[in-house]
Amino acid sequence: MTTSVTSTTRLAALAPASEQEWLESARALILDADLDGAFAFFLAAAAQYPASGEVRIGLAGLYWQMQQHEQAEALLRDWLAQCPDHVGATFLLARMLREQGRMRAAAEVIRKLFEHGRHDVDTVIQAIETLDDYGRPQDAAAICEAEIATGSTDPRIHAYAGMLDIQLGEFPRVRERYNFALGHSPEAVEWNIPIGLSGLQRYQDSSHPDFALFHEVLSRPRLSDKARTTTLFALAKAHDDIADHAQAARYLHEANALAHAAGSWSRKQWNRSVEARLADRPYPFALPAPVDWVPIFIVGVPRSGTTLLAELLTRHPQVLNRGELGCIRMLAQQLALADRNEKLPFEQAAAVYAAQLRQDDSEAHWFIDKQPLNLLHVDLIMALWPNARIIHCQRHARDTALSLWSQSFHDRAHDYAYDLGDIGAVIHGCRRLAKRWNARYPESFHTVRYEDLVAAPVDIMAALNDWLELPVTQSSITLREPHAISTASAWQARQPVHARSAGRWRDYAPYLPELLRIPDR
């Protein structure tokens, strides 16, 4: 590593300068892509200002940028040993660990921050959101509950606690947390609380107080369109539970009209994506298959049973469900411009994804990614991991369409779900893709029909376990510790398997004739 003459001169001139001037000069060198010069500046600044957290953080970030990961981590851990309540160093180290797939280690770093006294509410919320984003809802919930136990009355903390408890299956406590938030802030109805409450149970009749709450929320004059939309979805779900399909359909029409007007999904772009995948040739190579783990991709149209199937698979002690990762789509975009004859970018992409899938908290052998629309990227998946297993979930098209149209999604990628014509296009495209992948990868692609799964779950799962070559154990037929579920199926997937939703579309056909335009199968 060398330092330019200019940088050396600037170093000498900065000797009597302030800490802020040192930092600004080092950052300017980074912007100029002079990493060697910036490194020399940060080293000199660290000697000049040994008690500066900002200098330590800047130097650690530069180490990381220069791919010297061990040095970056060691520097931050050393600083946190001296200043354990330093917020900036904590979150930077957590982010670095996350990039390596070390989610448990990242969570431990963040949790440790709160062992040394209380922090302001913005720091608490940053920690909660970060941990939830890292797929660590248990750790995020622990911070929420610790804050509440020490007397926090901030309604946002209680609302976050409720949201996390839904994921964790702590349904009785959700209502307590949400009621506190609603009682302490008029803004709480804007935080998806009505839709969260509606998913906690199956309503028996309209005397449940949630019905009155939802109507009261909708009567508020300054309610945002987003909160109005989600509350209408909540009220529709409540009426569906009590078999009042006419009212449910009326609220769903109103909710979907609002959501569709605010959406940006393009049917033309979707059709082009499908056609591009169908026209694409297989990759001319396959990377070596990992010998000690197997990726399982559960794909298909959303709301076709993907969450239920993933939960049933995770009854096996050697299977771990990572939920809906977004990595494959991101990597596919990055690799779209790569030379297919050059394997290195693909090897690097495979390593990045493997770190996010396997992480540092399990000795499992099979790992599930249940992002349904990974169906678009099966060619890439099979090139990166030839031992991958693709499980395609298929459900009656009209039931799938109704389930999608009845759901409020937080991810804009699902904006198609607010228009039955768009939903029909997605179902048709997914069916075509599944047919192509099944023909191209018959040994690695397996379809499970939702109707068969709910009618005979033991038989279907036994056959699927055989196909996956899972070893038979007693643990595989009993439920393990409940898994965190962050999708709309958080409550349903924890109930006994039932067939009530098979053929549900017929209840809505008189009120939703658009359903009949979607092919029967």
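The lone criterion from (1) among the small types (Gly, Ala, Ser); (2) surrounded by fewer than 23 Cβ atoms within 10 Å (Cβ to Cβ); (3) modelled with pLDDT under 85; (4) not in a loop (DSSP other than H, G, I, E, B) left unmet by Ala38 is number (2).
For Gln126, are the conditions met, namely being surrounded by 15 or more Cβ atoms within 10 Å (Cβ to Cβ), of a type in the set (S, T, N, Q) and at pLDDT below 95?
No: the conditions fail for Gln126.
Among the residues in the stretch 86-100, are any farther than 21 Å from Arg136 by Cα, at pLDDT below 90 and in a loop (DSSP other than H, G, I, E, B)? No, the stretch 86-100 has no match at all. The residues in the stretch 311-320 that are surrounded by fewer than 22 Cβ atoms within 10 Å (Cβ to Cβ) and under 15 Å from Gln359 (Cα atoms) can be counted, and the count is 1. Of the residues making up the stretch 146-176, those that are under 16 Å from Ile128 (Cα atoms) and among the charged types (D, E, K, R) are Glu147, Asp154, Arg156, Asp165. Taking helices (runs of 4 or more DSSP H) as the structural unit, those lying wholly within the stretch 195-300 and holding at least 1 residues that are within 30 Å of Cys327 (Cα to Cα) and either of a type in the set (Phe, Trp, Tyr) or in contact (Cβ under 8 Å) with a residue 12 or more places away in the chain (or both) correspond to 225-241, 245-262, 267-279.
Against the test of being within 28 Å of Val294 (Cβ to Cβ), in contact (Cβ under 8 Å) with a residue 60 or more places away in the chain and not aromatic (Phe, Trp, Tyr), the options Leu420, Leu433, Leu404 yield a single qualifying residue, Leu433.
Quick grid of which residues meet (1) of a type in the set (Phe, Trp, Tyr); (2) surrounded by 14 or more Cβ atoms within 10 Å (Cβ to Cβ); (3) farther than 20 Å from Ala349 by Cα:
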{"position": "Arg267", "(1), (2), (3)": "no, yes, yes"}
{"position": "Val274", "(1), (2), (3)": "no, yes, yes"}
{"position": "Arg277", "(1), (2), (3)": "no, yes, no"}
{"position": "Tyr283", "(1), (2), (3)": "yes, yes, no"}
{"position": "Val291", "(1), (2), (3)": "no, no, no"}
{"position": "Ile296", "(1), (2), (3)": "no, yes, no"}
{"position": "Thr306", "(1), (2), (3)": "no, yes, yes"}
{"position": "Leu309", "(1), (2), (3)": "no, yes, yes"}
{"position": "Arg329", "(1), (2), (3)": "no, yes, no"}
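Looking at the stretch 379-470, what helices (runs of 4 or more DSSP H) fall wholly within it and have at least 1 residues that are touching a helix residue (DSSP H, G or I) at 6+ places or on another chain (Cβ under 9 Å) and surrounded by 22 or more Cβ atoms within 10 Å (Cβ to Cβ)?
Filter on the stretch 379-470 gives 397-405, 420-440, 450-455.
Among the residues making up the stretch 285-342, those that are among the aromatic types (Phe, Trp, Tyr) and at pLDDT 95 or above are Trp293, Phe297. Within the stretch 45-60, the set of residues being surrounded by 19 or more Cβ atoms within 10 Å (Cβ to Cβ), at pLDDT 80 or above and of a type outside the set (Val, Ile, Thr) comprises Arg56, Gly58, Leu59, Ala60.
The values are calculated or read from the model by the stated rules, or taken from the named source; none is laboratory data. Keep in mind the model is a prediction, meaning the values are calculated, not measured. Glycine also receives a Cβ, built like all others from the backbone with ideal geometry; neighbour counts cover every protein chain displayed.
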